[in-house]
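Novice: Below you will find the structure I want to go over with you.
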Amino acid sequence: MDDSGDNGRPQPGPGGPDPATGADKDKRPRPPGPGGGLLMGRPFGVPVYVAPSWFVVAALITWVFGGQLDRVLPDLGGTRYLVALFFAVAFYASVLVHELAHTVVALRYRLPVRRIQLQFFGGVSEIEKETETPGREFVLAFVGPLLSLVLGGVFYLALQLVEAGTVPGVLLAGLMISNLIVAAFNLLPGLPLDGGRMLRAVVWKITGKPMSGTVAAAWVGRALAVAVLVGLPLLTHTGSSAEGISGFETVTDALLAAILAGIIWTGAGNSLRMARLREHLPELRARVLTRRAVPVESATPLSEALRRANEAGARALVVVDGQGAPKALVRETAIVGVPEHRRPWVAVGGLAQDITDGMRVSAELAGEELLDRLRATPATEYLVVEDTGEIYGVLSTADVERAFVAAMARPGT
């Protein structure tokens, strides 16, 4: 199954809790670490990972396809499993081509692609930003199934050049059919499938509201999940007699349908949450979230600095040099760690973090642009400045996370 959409969830501070759940779960924005799976390469500069679950699927395909080969080509013997393994690898290579189609178009539209991951039910192209127009959304979604259809056609043409009933003939026929199935499945009009993104683009174009398109496509996706749960086992057994269906096959078909339906249902729900997230992102404004700060020199005792801050109604301290230029931020966690009786003897300079270029944030930043800036330079506090360079205050990652959670808790429109 393909999901070329933005699978992540913006996170104000790298390494912190997931703003939507409070749990330490990285979905976005950090680059993939060891949890991404086995790195296979970087086509077009985008890392391609094979998730551990892929090996389970590869083994399953090898076993099932090997059993089918035993009926079609009984002379192969045990070699049929090597042929079946080759088919599994070739099939996922086709899935990779499908995902690369999404990636190439995304890069053409200047949308950053974090990674491609081959996993249990296909592949995922993790595109970090939304397209700007419904037309681009439609094209970005359609290219994946289109490439799968093209591959199906290529394998069909190649099939005409080999003899039926041979190993190349069986492999080409299997790859042709599997790519056509991938294309047809992904064209189903429900999120998180490509067809769902195409439906979203159409509704977006008609209504002028991307959120309306997401809601429509997500609910169609949920309906598809129910249809898969109920209909897939029935479709599998259509035309088979009751005596010819084993209990094991029935349980396997039902389990496969449940897993597939669960993935579609969850993906549709995640799409709705992501849409609500983007709807509320503009509410995260650096100017609104910034704490008022007072300037202090490095040698100032902590107790005196806190007294000045309390008098000014400020909640942050900025260490400045003799000319009043900011050079460091006093970390809130460091202040908390100093017992009150020691504060008159501790200079603020020893609790401060030097300000780097990445820690200077414009007061005009908001939404995803603000989150991107914070992710680029991980820190607990940032110096917020006006366009003139004047100090506006200090932005705490903790405040951004709290605002993020509050925004996500409000229902979408």
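Novice: Filter the trypsin sites (Lys or Arg not before Pro) in region 283-342 to those in DSSP coil with at most 14 other Cβ atoms within 10 Å of their Cβ, and list the result.
Specialist: Sparse-neighbourhood loop trypsin sites (Lys or Arg not before Pro): ARG292.
Novice: Restricting to DSSP H runs of at least four residues, report the calculated mean residue ellipticity at 222 nm for the chain, -39500 (n - 2.57) per run over all residues, nearest 500 deg cm²/dmol.
Specialist: Estimated from H runs of four or more residues: -17500 deg cm²/dmol.
Novice: For region 265-288 and region 311-343, write down the distance between their C-alpha centroids in whole Å.
Specialist: Centre-to-centre distance over Cα atoms comes out at 34 Å.
Novice: Roughly speaking, what % of Cα-Cα pairs in region 44-131 are separated by over 18 Å, rounded to a whole number?
Specialist: Tail of P(r) above 18 Å: 51 percent of Cα pairs.
Novice: Okay, moving on. Pick from ASP372, ASP253, ASP75 the residue whose mean-square fluctuation is largest in a GNM of the chain, springs joining Cα atoms under 10 Å.
Specialist: ASP75
Novice: So what's the projected area for region 261-409, the Cα convex hull averaged over all directions, in nm²?
Specialist: 10.6 nm²
Novice: One quarter of the convex hull surface, Cα atoms only: what value does that give for region 104-165 in nm²?
Specialist: That works out to 6.0 nm², a quarter of the Cα hull's surface.
Novice: If you filter region 346-380 for GluC sites (Glu not before Pro), then keep DSSP loop positions with at most 15 other Cβ within 10 Å, what is left?
Specialist: Passing sites in region 346-380 are GLU364.
Novice: Per residue, how much accessible area does the chain show when a 1.4 Å probe rolls over the protein heavy atoms, in square angstrom?
Specialist: Per-residue value: 49 Å².
Novice: OK, next. If all Cα-Cα distances of the chain are sorted into 20 Å bins from 0 onward, what percent lands in each bin, rounded to whole numbers?
Specialist: 22, 44, 24, 9, 1
Novice: Accessible area of region 316-413 with a 1.4 Å probe: how many percent of it is carbon plus sulfur?
Specialist: 53 percent
The values are calculated or read from the model by the stated rules, or taken from the named source; none is laboratory data. Computed from a predicted model, the values in this text were never measured in an experiment. Note: ideal-geometry Cβ built from the backbone for every residue, glycine included; neighbour counts use all protein chains shown. Just the protein is used for accessible areas: all its heavy atoms, side chains included, with ligands, DNA and RNA removed. Shrake-Rupley method; radii C 1.70, N 1.55, O 1.52, S 1.80 Å.
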